[in-house]
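Notes follow once the structure below has been shown.
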Amino acid sequence: MNRKTKRAMKKKMGSEATERLANQVALFSKLPDACSSCAKEFDKKDVEMIKTWKVVVRQDKVRLFCPDCISKAMEAIDAGI
């Protein structure tokens with residue numbers, strides 16, 4: 001982000017929200033190129049993949065999961081495993 005954009009955001013949203021957004025944008029560069037569970041390739045230019053895949057961020061670790069792995073995880077949670 002350039003300085004003009006940052007100043008405008010701080011004025012509109014406040015400094016705390018601006019810093020949080022800047023941190024999230026920085027984490028985007030850490031996004032993996034494949035599913036963290038099954039290693040299925042992720043294409044950052046495919047709009048359908050962007051809409052359906054899930055990103056999980058915990059303690060500055062960025063993980064990416066395909067729809068198949070997410071559904072398997074949800075089934076396991078529902079089954080009580």
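Take residue 48 and decide whether it is open to solvent by 100 Å² or more (accessible area, probe 1.4 Å), in a helix (DSSP H, G or I) and modelled with pLDDT of 85 or more.
yes
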Note on the stretch 24-45: residues open to solvent by less than 100 Å² (accessible area, probe 1.4 Å) and not in a loop (DSSP other than H, G, I, E, B) are 25, 26, 27, 34
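Within the stretch 13-22, does at least one residue satisfy the condition of being surrounded by 10 or more Cβ atoms within 10 Å (Cβ to Cβ) and outside any helix (DSSP H, G or I)? Before you say what the answer is, go through the steps one by one.
Residues of the stretch 13-22 that are surrounded by 10 or more Cβ atoms within 10 Å (Cβ to Cβ), as a first pass: 13-15, 17-22.
Retained after the next criterion (residues that are outside any helix (DSSP H, G or I)): 14.
Taking every residue of the stretch 13-22 in turn, at least one turns out to be surrounded by 10 or more Cβ atoms within 10 Å (Cβ to Cβ) and outside any helix (DSSP H, G or I).
For the stretch 51-81, name all the residues that are part of a loop (DSSP other than H, G, I, E, B) and modelled with pLDDT of 90 or more.
Our first condition is that a residue be part of a loop (DSSP other than H, G, I, E, B); within the stretch 51-81, this holds for 53, 59-60, 66, 80-81.
Answer for the stretch 51-81, where residues must be part of a loop (DSSP other than H, G, I, E, B) and modelled with pLDDT of 90 or more: 53, 66.
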Select from the stretch 49-67 the residues that are charged (D, E, K, R) and over 17 Å from residue 33 (Cβ atoms) and list them in ascending order.
51, 58, 60
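The values are calculated or read from the model by the stated rules, or taken from the named source; none is laboratory data. All of these numbers come straight from a predicted model, not from anything done at the bench. Backbone-built Cβ (ideal geometry, glycine too); neighbour counts: all protein chains shown. Each accessible area value is taken on the protein alone, full model and side chains, heavy atoms only, with ligands, DNA and RNA left out. Shrake-Rupley method; radii C 1.70, N 1.55, O 1.52, S 1.80 Å.
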